[in-house]
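Just so it is clear, none of the values below were taken in a lab; they were calculated from the coordinates. Just so we're clear, the structure is a prediction, and the values are computed from it rather than from any experiment. A quick note on method: Cβ atoms are made from the backbone with ideal geometry, for glycine too, and the neighbour counts reach across all protein chains shown.
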């Protein structure tokens, strides 16, 4: 492997402009009487269209991922409509950008909610939390682009895939096996304050206890971009590996700083911590050498036919846009919602309550080769995680190292109460 001289973390970070997604809007759950065809309808459903809402981030810190999610969901809607739509109706998506600002998201929700049947995406745990009460009151099936366990247990909010803590439990098992860690070893964990990082930390602590390891914690803020102090502290503590639950900028900073210091321990990140754009920066070679990613979703290097078809279709529609995790996340969520709409149509109930009822009966869905069960709202749809590795030449920047699997500790782990 060729090694490029590493530049200071600040210089690397200046190159990066990465982004994600959020949510917002308003009122009304009333359903209409059944029409002549016996189909019950509610908000967002007319004789010709089914309108969905997307509360996303197109101008804030997760803008690039937000764009990918929006694109993937529009691709699905276009394909669905080309095949006849649902119940003879075209599916439309109303997109609102909140820039990862909770107040803007609330305003967007208020504006959008009365006119949509469901929310195909809401980016950001803080945004979902701020809207949780309204979402439940309006019976609005919602797919957050966030994976904290605290989002489980709600009737109308659905995490697609596993959760941050479950991924970390599976990920720690991988680190222990591959780094040959022995009982008593120390593992560092650098994590965002808030639901994302602290949920991942809970899983890491549980896994560490099972393996008789200790966790050296380093809490950071999303605005932190120089992690020299954290890397130095972990090096002095003698950690044998580092877990990371933050964003792509922090991943670049941590791995770049560690490599510059000759601190070549393995680093394992939750999926939100990686973006393929990082591989084009000076820290790219270090990422390929030191980093692994744990994720509930497959990479584009997967040989699953559905994943390969998605890559082909996406590049045909958006030839200038990168394949990244946002594409898969957006596609997964809209696919599940599409199946819910089809099931609700079959049951002749396209009210919000009917769509959610159809969703809760989905116990054997397979999306991009991953089996999902949504029948128990208190549990993740899957307990399985993939282990992936950055690779500049791979589609989407990731290679699959280990296919989706779960370790026994994942099922034994007591999920936090929502």
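At a glance:
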{"read-out": "Per-residue Cβ neighbour rank within 10 angstrom, fewest leading, 363, 107", "value": "363, 107"}
{"read-out": "Fluctuation leader among 100, 314, 164 - the chain, Gaussian network, Cα springs under 10 angstrom", "value": "314"}
{"read-out": "Difference of contour (0.36 nm per residue) and Cα-Cα distance, residue 79 to residue 137", "value": "17.7 nm"}
{"read-out": "With eigenvalues of the C-alpha gyration tensor scaled by 5 and rooted, the range 111-161, Å", "value": "17, 11, 10"}
{"read-out": "Per-selection metrics, the range 195-354 (Cα): Rg and Dmax in Å", "value": "19.5, 63"}
{"read-out": "Added length on full extension, which subtracts the Cα-Cα distance from 0.36 nm per residue, residue 417 to residue 46", "value": "129.8 nm"}
{"read-out": "Distribution of pairwise C-alpha distances over the chain, 10 Å bins, in %", "value": "5, 23, 33, 24, 11, 4, 1, 0"}
{"read-out": "Whole-number Å³ per residue for the convex hull built on Cα positions in the range 120-274", "value": "99"}
{"read-out": "Protection-proxy order for peptides 190-200, 241-251, each taking the mean of Cβ atoms within 10 Å per residue, highest first", "value": "241-251, 190-200"}
{"read-out": "0 to 90° range, to nearest 10: angle between helix 195-211 axis and the chain longest Cα axis", "value": "60"}
{"read-out": "Principal axis dimensions, the range 81-207 - Cα atoms, whole angstrom, descending", "value": "59, 37, 25"}
{"read-out": "The range 86-141: Rg to Rh, with Rh as the Kirkwood radius over Cα pairs", "value": "0.98"}
{"read-out": "All-pairs alpha carbon distance profile, the range 170-213, 10 Å steps from 0, percent", "value": "28, 54, 18, 0"}
{"read-out": "Selected from 173, 376, 224 as most flexible by GNM, with the chain as the system and alpha-carbon contacts under 10 Å", "value": "224"}
{"read-out": "Kirkwood Rh, angstrom, the range 304-418 [1 / mean 1/r, Cα pairs]", "value": "16.3"}
{"read-out": "Calculated FRET efficiency for the pair residue 320/residue 393, C-beta based, R₀ 22 Å, to 0.05", "value": "0.70"}
{"read-out": "Overall Cα dimensions of the range 273-316 - principal axes, largest extent first, Å", "value": "31, 23, 16"}
{"read-out": "Order of 156, 98, 405 under a 10 Å beta carbon neighbour criterion, fewest first", "value": "405, 156, 98"}
{"read-out": "The chain: angle of helix 248-260 to the longest principal axis, Cα-based, in degrees nearest 10", "value": "10"}
{"read-out": "Percent of alpha-carbon pairs separated by more than 22 Å within the range 179-269", "value": "19"}
{"read-out": "Degrees separating the helix 325-346 axis from the principal Cα axis of the chain, which is the longest one", "value": "30"}
{"read-out": "GNM result for the chain, Cα springs below 10 Å: residue of 398, 65, 213 fluctuating most strongly", "value": "213"}
{"read-out": "Bridge type composition, the chain - antiparallel percent by DSSP, nearest 5", "value": "30"}
{"read-out": "Inter-label distance for residue 221 and residue 289, nm, one decimal - labels placed 7 Å from Cα along Cα-to-Cβ", "value": "3.3"}
